[in-house]
1. Quick one: pull the percent of accessible area on segment 52-140 belonging to carbon and sulfur, 1.4 Å probe, ligands and nucleic acids left out.
2. When the chain is fully extended, how far beyond the present Cα-Cα distance does residue 137 get from residue 122, taking 0.36 nm per residue of separation?
3. I'd like the FRET efficiency for residue 6 and residue 49, computed as 1/(1 + (r/R0)^6) with the beta carbon distance as r and R0 of 25 Å, rounded to 0.05.
4. Mind checking the per residue accessible area of segment 1-41 for me, 1.4 Å probe, whole number of Å²?
5. Kyte-Doolittle mean at least 1.0 and Cα extent at least 18 Å along the axis: which DSSP H helices of the chain qualify?
6. Can you give the alpha-carbon Rg of the chain over 2.2 N^0.38 Å, where N counts its residues?
7. Going 7 Å from the Cα of residue 27 toward and past its Cβ, which residues in segment 76-92 have a backbone nitrogen under 20 Å from where you end up?
Amino acid sequence: MPDTKTCIHNVMQIWQQHVSKGNQAFDSCQFSYANLFYADCLTALEQVEAEIESDSPPPDAWIVDQYIPAVVVSYLNLVDSNIALQNINNACDLLVEGYKSVCKCAAHILTSTQSSHQLLVLKHLSQLKHHCFVLLKQYGDDANIASKLNTIMNTISAQNNTIH
């Protein structure tokens, strides 16, 4: 039976393959196919999330350097493919879900590890915040969308206050 490190490595290889196929589909304007591949990325990452939440998680440095960026990329790709499909509400839901997912994973890192890890986590969160700003600028006239995205904005402010 493969060890945890081998399983995580295999999952990350599968994740990379799905990202590549999704990007190819997106570049070919096959947004529905891209969406499927990007969703498969998140499904693959769920296996890693289970390891992170286990009694013997991977090192914090790996979580910050590999896992969290993979989660951010997966969600942002899904957001972009949903926007291309004109599914703006779903894109906003995915952005909020992605933000919450990164916050959940990063919670102990922000309070218990090296400041360099904390800064990387904040960098990843800022990528999600940037997308939030872009969507608010483009679609913020819709009260439902603004409400969803303000969830991220309010949470980010609270998160930043706890770090300073």
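The values are calculated or read from the model by the stated rules, or taken from the named source; none is laboratory data. What you see is a predicted model, and the numbers here were worked out from it, not measured in a lab. Using ideal geometry, Cβ is built from the backbone for each residue, glycine included, and neighbour counts are taken over all protein chains shown. The area values use the complete protein model at the heavy-atom level, side chains included, leaving out ligands, DNA and RNA. Shrake-Rupley method; radii C 1.70, N 1.55, O 1.52, S 1.80 Å.
1. Using a 1.4 Å probe with all protein chains present, segment 52-140 comes out at 54 percent carbon and sulfur.
2. Working: separation 15, 0.36 × 15 = 5.40 nm, distance 2.20 nm.
Extending this stretch completely gives an extra 3.2 nm.
3. Values: r = 17 Å, r/R0 = 0.69.
Given R0 = 25 Å and the Cβ-Cβ separation, E is 0.90.
4. On the way: 2740 Å² over 41 residues.
For segment 1-41, the solvent-accessible area averages 67 Å² per residue.
5. Details: long enough: 4-27 (34 Å, -0.66); 31-52 (31 Å, 0.47); 68-84 (24 Å, 1.29); 88-112 (36 Å, 0.51); 115-139 (35 Å, 0.06); 143-163 (30 Å, 0.02).
Passing helices, by number: 68-84.
6. Values: Rg = 16.2 Å, N = 164, 2.2 N^0.38 = 15.3 Å.
In units of the globular-protein estimate, the chain measures up at 1.06.
7. The answer is 76-85.
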